[in-house]
Amino acid sequence: MNIMKQFVLGRRLVGSWALDRDATLDDAAAVSLAEHLAKQDWQAPREADDLELSLLSFLVLETAHRYYVQADKALKSCQSDEGRSLFPTEMLPERLADLAATLRFYDEAPALAESLPVNGLASLQSLTNTLFAVIAAHFPGHMAEVHAQSMREEIAEVIRTRFPRRRAHVPVYSPTHLEFMGAVDKTRCIFAPSGKYWGARDYDETQDFDSNVHRFAEDLFHFMLVGHKEKFKGLALRLPAAMSASVERLAETTARLLDGLNRTDPAGSDCLRHVDGREGWKFVWAGEPMFLTAFGTCYPDDHPRNPYGFDHTYFFFQPDFVLRNHPGLIDGKEEMSRQRILASFRKHGMDYDNAGKEAEHARYIRPMEADGPAVEWWRHLPSRQHAPVEAVLDAAG
């Protein structure tokens, strides 16, 4: 097996194995482990089953799993003479320190702020690939059985006892994420399987709707902070099934959700004052326009917005920085890509059309029938329900 495949397969295997054994990391635990490993003498010979070397491989692959890191082409040549010179073992302490710095930045970022914090730190995409390249270049015996060595019971015990996870919510291991990925596997969208997604915290039915929205706002802010650097594609939010029992109910839920987010927007956007059925409007949050896709239990199995058998209401948020960087939506490819997606759904009997839904936000929710009128969720905004007629007309422009 080549090194790129070992990386991608190992990322998935180690993540699943760690979850099964309650040995997953969060950012703080990964920082502690990286700092511990940075202090080791990596010039000394290492056996294939050396504990510290196995912990290093576990750290790299589990972190790559949590952040959906892809394999870089540099891994193809890291075991050549040139590759060994490009990735010397002397790099390990410094790159482990860099890994700890990036993870600490993500872990300690504010829950909400007026703007997304920025930094010049290396991405986890770059760091985990570099670390894996060093392992492959200089520890071939270990690399030959890297998956098995990273998933030994001894490793799980060390993680649980010496580097335990502190946070209850780790996005890639969340129930929302795990269920949503089941839907991604079934969707007819041709681009969905290649995306990098996270899941928000579950809806807490012991708290009111606004409290849940505030928790989601914190998760959305964190996702946007990470997504810029790590090239994520979207964040899923899971709500009770009853909140999409009908298209009308889904429209009401959408309006309540966006109203609640707007009231928690750290950048103070007033975008909801101006929403109507015309093109050009964007939901803006934390200074970033974004697109929203709603999935509801009201839809039959052959509807493109059915949640694929899962008994929950789903909202999928994609900030525009995601769409601006999607290879299928740039360089004049957007319309062609949209037609390819539509053709894929139509081939499987899940038609939809955008006639009368030219406005982007008119596609947040789909009508029950493919050619039905746009679902005007904005009419359910609390400000529209209680405002005088003159105010509603003013808001509509």
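Tell me what the chain gives for mean residue ellipticity at 222 nm when only DSSP H runs of n ≥ 4 count, each as -39,500 (n - 2.57), the sum divided by the residue total, rounded to 500 deg cm²/dmol.
Only helices count here, giving -14500 deg cm²/dmol.
Mind listing the long-range amide H neighbours of Phe283? Cut-off is under 5 Å, sequence gap 5 or more, other chains count too, H placed in the peptide plane at 1.01 Å from N.
Residues meeting the criterion, in which the H sits 1.01 Å from N, are Met290.
Compute the distance in nm between two label points, each set 7 Å from the Cα along the Cα-to-Cβ direction, one at Ser123 and one at Glu108.
My value for the distance between the label points is 2.4 nm.
Based on the alpha-carbon gyration tensor of segment 3-162, what equivalent-ellipsoid semi-axes (square roots of 5 times the eigenvalues) come out, in whole Å, largest first? If you can, show how the numbers build up before the last one.
On the way: eigenvalues 113, 72, 43 Å².
Equivalent ellipsoid semi-axes, largest first: 24, 19, 15 Å.
Could you give the size of the charge dipole of the chain about its Cα centre, using +1 on the Cβ of each K and R and -1 on the Cβ of each D and E, expressed in debye and rounded to the nearest 20?
The calculated dipole for the chain is roughly 680 debye.
Apply the a/c threshold of 1.5 to the C-alpha gyration tensor of segment 224-276 and tell me whether it is rounded, prolate or oblate.
On the way: a/c = 2.57, a/b = 1.29, b/c = 1.99.
Since a/c reaches 1.5 but b/c is at least a/b, the shape of segment 224-276 is classed as oblate.
Would you order Val275, Val184 from fewest to most other beta-carbon atoms within 10 Å of each residue's own beta-carbon?
Val184, Val275
May I ask you to list the residues of segment 276-305 whose amide nitrogen lies under 11 Å from a point 7 Å from Cα along the Cα→beta-carbon direction of Ala267?
283-290
Taking Cα atoms, how many degrees apart are the long axis of helix 175-186 and the longest axis of the chain, rounded to 10 and kept between 0 and 90?
So the inclination is approximately 80 degrees.
State the percent of C-alpha pairs, over all pairs in the chain, separated by a distance greater than 41 angstrom.
More than 41 Å apart: 21 percent of the Cα pairs in the chain.
Report the FRET efficiency, 1/(1 + (r/R0)^6), for Ala48 and Lys5, where r is their Cβ-Cβ distance and R0 is 25 Å, rounded to 0.05.
Result of the calculation: an efficiency of 0.85.
Provide the per-residue ³J(HN,Hα) series for segment 139-154, in order, calculated from phi with Karplus coefficients 6.51, -1.76, 1.60 and θ = phi - 60°, each as a whole number of Hz, with x at glycine and proline positions.
10, x, x, 5, 4, 5, 9, 4, 5, 5, 5, 7, 10, 7, 4, 4
Would you give the gap between the C-alpha center of segment 1-66 and the C-alpha center of segment 115-162, rounded to a whole Å?
First find each Cα centre; the distance between them is then 4 Å.
Which number gives the lysine pairs in the chain that have C-alpha atoms under 13 Å apart and are eight or more places apart or on different chains?
Eligible lysine pairs with Cα atoms under 13 Å apart amount to 5.
Distance in nm between label sites at Ala97 and Arg278, each 7 Å beyond Cα in the beta-carbon direction?
Going from the Ala97 label point to the Arg278 one covers 5.7 nm.
From Cα pairs below 8 angstrom and at least 6 apart in sequence, can you work out the relative contact order of segment 3-162, rounded to a whole percent?
40 percent
We did not get these values from a lab; they are worked out from the coordinates using the rules stated. What you are looking at is a predicted structure, and each value in this text was computed from that prediction instead of being measured. All Cβ positions, even for glycine, are placed from backbone atoms using ideal geometry, and neighbour counts span all protein chains on display.
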